[in-house]
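To keep things clear, I will list the structure first and then write my remarks on it.
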Amino acid sequence: MIEKNQVVAEDERAVLVGLIHKEQTEAQVNEYLDELAFLAETAGAQAVKRFTQRLPHPDRATFIGKGKLEEVRQYVVGKNVSLVIFDDELTGSQISNIQKELKIKVIDRSDLILDIFARRARTAQAKVQVELAQYQYILPRLRGMWTHLERQKGGIGMRGPGETEIETDRRIVKDKISLLRKRLAEIDKQSLTQRKDRGEYIRVALVGYTNVGKSTIMNLLSKSEVFAENKLFATLDTTTRKVVFEQTPFLLSDTVGFIRKLPHHLVESFKSTLDEVRESDILMHVVDISHPKYEDQIEVVNRTLTELKAIDKPTILIFNKMDLYEKQTFDEWLTEDVKTDILNQLKESWQHRTNGNCVFISATERMNIEELRKTILDKVMQMYRERYPYKSEYFF
């Protein structure tokens, strides 16, 4: 196993660092840092300070400029801060250089997300996927981020003539990646067999940005107890339940949430888990409409679905957390007629944009759930008619 020196500890105090450059505006960076703070909280750390700097491009040696780095160093001294989190990916040499200057732990957004995934993994498949992503992420950063590798094969005779310790470390990591890929392939075969054994049921998959309420909706529709929490990536493992509306059965799956700047290796490793999305017949794209940037989150999810080659599937857009949206949007002095007009305009706009394939609900308040059930049932029965016309008992 690898002993990694970048671990987020519980109750750790952290500072966040973001860069404003030609591809990121100040408003975007502030929004990303809000999300980074939530990620830190999910991992158990407390974000106590933010630093941003405007540069045309990241500094090759230290990502941010020397002056800003000194500003960060002066702040962390005496403030009981033990962790600095950068919102963009750092190279191994950048991590090494920054740590030398600050004398405390330095990680980036990808490393933080990987740490959260490692904590949340429960099944053998999720654990292997996360471990594979960690090794793939670390391999090009070995020199800057790793301090020691235990020699699982023993020390005597292991190192060839003239081979340096870092070369040996790289070889061990590459061997581990190869082993994990083989193990994941075996698990994938078992998962494929399980999916084939489910019979001719229409498959519906819940997708969406992380923390939009997918698991809460899953529990509501399937009357099951899927883990749901107000933290990012509460669900890693795909959960599938058989659901029956009236006399029509279908399979409903909850999947891992998407997020901006999701580490590429994580997407690659979790593609087997996301097979549930690719093989589904209908997607239920859940949106947190109370989030100020919910349309940006829709775009992030759509880009990921495009990467998974699942963007063209029949989709129901579910706008969740309408209760929070109304609290945030409506002032006390607004009349009920004005509130109704505002809501109607919102709904009509999205009905037009989605050709009527959207529903507005609050899962926690059980608001408009019957309309959601009817919308899903109509889609499922339509799919049975097209896919399995001989199963007339499901749609009459």
Taking 0.36 nm per residue of separation between Tyr75 and Thr25 and subtracting their Cα-Cα distance, the length gained on full extension comes to 15.5 nm
With +1 on the Cβ of every Lys and Arg and -1 on the Cβ of every Asp and Glu, the dipole magnitude of the range 342-396 about its Cα centre, in debye rounded to the nearest 20, is 160 debye
Among Val106, Ala121, Ser96, the residue whose Cα sits farthest towards the positive end of the charge dipole of the range 86-131, when +1 is placed on the Cβ of each Lys and Arg and -1 on the Cβ of each Asp and Glu, is Ala121
Charge dipole of the range 296-359 built from unit charges on the beta carbon (Lys, Arg +1; Asp, Glu -1), centred at mean Cα; most positive-end Cα among Asn320, Val301, Leu334 is Val301
Highest mean packing first, using Cβ neighbours within 10 angstrom, the peptides 238-244, 11-17, 177-183 sort as 11-17, 238-244, 177-183
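Once you sort the root eigenvalues of the Cα gyration tensor of the range 8-86 as a ≥ b ≥ c, which label holds: rounded (a/c under 1.5), prolate (a/b larger than b/c) or oblate (the other case)?
It comes out oblate by the Cα gyration axes.
If you take the square roots of the eigenvalues of the alpha-carbon gyration tensor of the range 14-151 and sort them as a ≥ b ≥ c, do you get rounded (a/c under 1.5), prolate (a/b over b/c) or oblate? The partial results should precede the final answer.
On the way: a/c = 1.61, a/b = 1.40, b/c = 1.15.
Prolate, since a/c reaches 1.5 and a/b exceeds b/c.
Any chance you could run the full-extension gain for Glu370 through Leu55? It's 0.36 nm times the residue separation minus the Cα-Cα distance, nm to one decimal.
On the way: separation 315, 0.36 × 315 = 113.40 nm, distance 5.13 nm.
This chain segment gains 108.3 nm when fully extended.
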Measuring from its Cα centre, the range 1-74 shows a charge dipole (+1 at each Lys and Arg Cβ, -1 at each Asp and Glu Cβ) which, in debye to the nearest 20, is 440 debye
Expected field for Arg170, accessible surface area in Å² at 1.4 Å probe radius, rounded to 10, holds 80 Å²
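The values are calculated or read from the model by the stated rules, or taken from the named source; none is laboratory data. This structure is a prediction, so every number in the text was calculated from the model and none was measured. A quick note on method: Cβ atoms are made from the backbone with ideal geometry, for glycine too, and the neighbour counts reach across all protein chains shown. Remember, those area values only see protein heavy atoms, side chains included, never the ligands or the DNA or RNA. Shrake-Rupley method; radii C 1.70, N 1.55, O 1.52, S 1.80 Å.
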